[in-house]
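Written below as structure tokens is the structure these notes are about.
The values are calculated or read from the model by the stated rules, or taken from the named source; none is laboratory data. A quick note: this is a predicted structure, and the numbers were derived from the prediction, not measured. Please note: Cβ atoms are built from the backbone with ideal geometry, for glycine as well, and neighbour counts cover all protein chains shown.
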């Protein structure tokens, strides 16, 4: 570690990281547009300027993202000269940026908006018209580009070059005529396009599915884990007015997903908003499945166990470790539904395994079974506990209706299923609503 003086404090920093990372790690605010910790620094926006003094040399203003930390370096992030340099950079960036914050999807989480306010850049000094570029340009099925809002930070270009290793965007043209373009005007491809909308520090790149859907200040955010494969990417679930899940975004986790997530996981949120949730409990009566209090349903399950003995437990691959340990107490045979691998497997994040807790359930003694094998095992049992979200979906509603009428089937799932074998159904929370532990593919 290297010792430097940062805003009057002596701190230890990692010499392998640029100065801007040291500032952020020690709560010194330095603005940034082109810099991102998951990408190589280029120093193109010049907004991260700070004042640095080394030895007897006079203090000078430098860009923090391209400056290596040196033992004994004295850094002042609040120096007047640094603020003046940032203000001048902002003035140039805002020269051609449209004043459309009220209708921009990035409003409320826009770095340009925030830093302009912090640096007191409230008005421009020029009267020349802003440049006219293409707006609402579709880059495929995922991303929309507004060239007028773009500040040419090149984060999106570097993401495809450095992270996915498949370059698809470029800075075309020269000087004031530079714009972000796809190669040969082809649409973007791949399972990681949505990340460029997260990377964009302004409203130039936005998600087609999220445009004009919600104001970000109306979104409640909670940390969670993506369950669309066994990678278990760290994510943030964003809910509009505590009612509807509107967006899933990656949450930084260097050990799992770094700063990214795949589009398959990103756009899986509509299932959290599916209607007709099983909110309470149902017990089969003379008129079919009838709503009852949860206590009555639990008593009915206890009666079934007393009559038929320990149940066969068929678990969802979304079952948590804590839920699996509770299920083991019932003493029955343990298995979980293991669907066929996904064709989305790649060498980056997506594992192709649709079972987010495969490793954890196998460690608890649950046997993985393909849906057909699980149904065959259920058909031979007297009492089955079908446990966890999407369990019935993975087996198929039609296949469940073909099970023997003499089978007693208890369902704990997010949605009801009307099949003759079901005696009791209990509603459970989905992955965005509950806490628990999954063990991912890497353990």
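Residue-wise test of (1) touching a residue at least 40 places away in the same chain (Cβ under 8 Å); (2) touching a helix residue (DSSP H, G or I) at 6+ places or on another chain (Cβ under 7 Å); (3) within 29 Å of residue 264 (Cβ to Cβ).
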{"residue": "309", "(1), (2), (3)": "yes, no, no"}
{"residue": "320", "(1), (2), (3)": "yes, no, yes"}
{"residue": "323", "(1), (2), (3)": "yes, no, yes"}
{"residue": "328", "(1), (2), (3)": "no, no, no"}
{"residue": "349", "(1), (2), (3)": "yes, no, yes"}
{"residue": "360", "(1), (2), (3)": "yes, yes, yes"}
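Name the residue that is farthest from residue 442 (Cα to Cα), counting only residues in segment 362-371 that are part of a helix (DSSP H, G or I) and touching a residue at least 12 places away in the same chain (Cβ under 8 Å).
371
Going by the conditions given, is residue 231 buried (at least 17 other Cβ atoms within 10 Å of the Cβ), over 20 Å from residue 135 (Cα atoms) and free of Cβ contacts under 8 Å to residues at least 60 places away in the same chain?
Taking the combined requirement at face value, the residue does not satisfy it.
Looking at the structure I just gave you, is residue 265 buried (at least 22 other Cβ atoms within 10 Å of the Cβ) and modelled with pLDDT under 95?
No.
Within segment 251-269, which residues are free of Cβ contacts under 8 Å to residues at least 24 places away in the same chain and part of a helix (DSSP H, G or I)?
Passing the criteria: none in range.
Hey, does segment 100-109 have a residue that's touching a residue at least 24 places away in the same chain (Cβ under 8 Å), outside any loop (DSSP other than H, G, I, E, B) and over 25 Å from residue 191 (Cα atoms)?
So far as segment 100-109 goes, no, none of its residues is touching a residue at least 24 places away in the same chain (Cβ under 8 Å), outside any loop (DSSP other than H, G, I, E, B) and over 25 Å from residue 191 (Cα atoms).
For every residue, the table says whether it meets (1) modelled with pLDDT of 95 or more; (2) assigned to a strand (DSSP E or B); (3) under 30 Å from the mean Cα position of the chain (by Cα).
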{"position": "210", "(1), (2), (3)": "yes, no, yes"}
{"position": "220", "(1), (2), (3)": "yes, yes, yes"}
{"position": "235", "(1), (2), (3)": "yes, yes, yes"}
{"position": "239", "(1), (2), (3)": "yes, yes, yes"}
{"position": "242", "(1), (2), (3)": "no, no, yes"}
{"position": "296", "(1), (2), (3)": "yes, no, no"}
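If a residue must be touching a helix residue (DSSP H, G or I) at 6+ places or on another chain (Cβ under 7 Å) and either part of a strand (DSSP E or B) or crowded, with 18+ Cβ neighbours inside 10 Å (or both), how many such residues does segment 167-208 contain?
18
Among the residues of segment 1-53, write down those that are under 27 Å from the mean Cα position of the chain (by Cα), without any contact (Cβ under 8 Å) to a residue 24 or more places away in the chain and on the phi < 0 side of the Ramachandran plot.
21, 24, 25, 26
One line per residue, one yes/no per condition, for (1) touching a strand residue (DSSP E or B) at 6+ places or on another chain (Cβ under 7 Å); (2) part of a strand (DSSP E or B); (3) in the same structural domain as residue 196 (by TED's automatic domain parsing):
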{"site": "11", "(1), (2), (3)": "yes, yes, no"}
{"site": "21", "(1), (2), (3)": "no, no, no"}
{"site": "29", "(1), (2), (3)": "no, no, no"}
{"site": "36", "(1), (2), (3)": "no, no, no"}
{"site": "43", "(1), (2), (3)": "yes, no, no"}
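Mind checking which residues of segment 65-80 are closer than 30 Å to residue 131 by Cα and either part of a strand (DSSP E or B) or over 34 Å from the mean Cα position of the chain (by Cα) (or both)?
none
Name the residue, out of 388, 365, 352, that is in contact with a strand residue (DSSP E or B) (Cβ under 7 Å, 6 or more places away or on another chain), surrounded by fewer than 16 Cβ atoms within 10 Å (Cβ to Cβ) and modelled with pLDDT of 95 or more.
None of the other options fit; the residue is 365.
Determine which member of the set 405, 374, 343, 381 is touching a strand residue (DSSP E or B) at 6+ places or on another chain (Cβ under 7 Å) and in a loop (DSSP other than H, G, I, E, B).
Only one candidate passes the filter, namely 381.
For segment 176-205, enumerate the residues that are touching a residue at least 24 places away in the same chain (Cβ under 8 Å) and on the phi > 0 side of the Ramachandran plot.
190
Quick check: anything in segment 214-225 under 20 Å from residue 164 (Cβ atoms) and not assigned by TED's automatic domain parsing to the domain that holds residue 41?
There is no residue in segment 214-225 that is under 20 Å from residue 164 (Cβ atoms) and not assigned by TED's automatic domain parsing to the domain that holds residue 41.
Going by what's in this entry, would residue 133 be described as in contact (Cβ under 8 Å) with a residue 12 or more places away in the chain, closer than 23 Å to residue 247 by Cβ and either part of a loop (DSSP other than H, G, I, E, B) or within 31 Å of the chain's Cα centre (by Cα) (or both)?
For residue 133, the condition - in contact (Cβ under 8 Å) with a residue 12 or more places away in the chain, closer than 23 Å to residue 247 by Cβ and either part of a loop (DSSP other than H, G, I, E, B) or within 31 Å of the chain's Cα centre (by Cα) (or both) - is not met.
Could you list, in sequence order, all residues of segment 54-72 that are surrounded by 20 or more Cβ atoms within 10 Å (Cβ to Cβ) and either outside the structural domain of residue 25 (by TED's automatic domain parsing) or in contact (Cβ under 8 Å) with a residue 60 or more places away in the chain (or both)?
69
Assess whether residue 144 counts as being under 15 Å from residue 193 (Cα atoms) and in contact with a helix residue (DSSP H, G or I) (Cβ under 8 Å, 6 or more places away or on another chain).
no
Kindly establish whether residue 353 is under 30 Å from residue 250 (Cβ atoms) and either in contact (Cβ under 8 Å) with a residue 60 or more places away in the chain or in a strand (DSSP E or B) (or both).
yes
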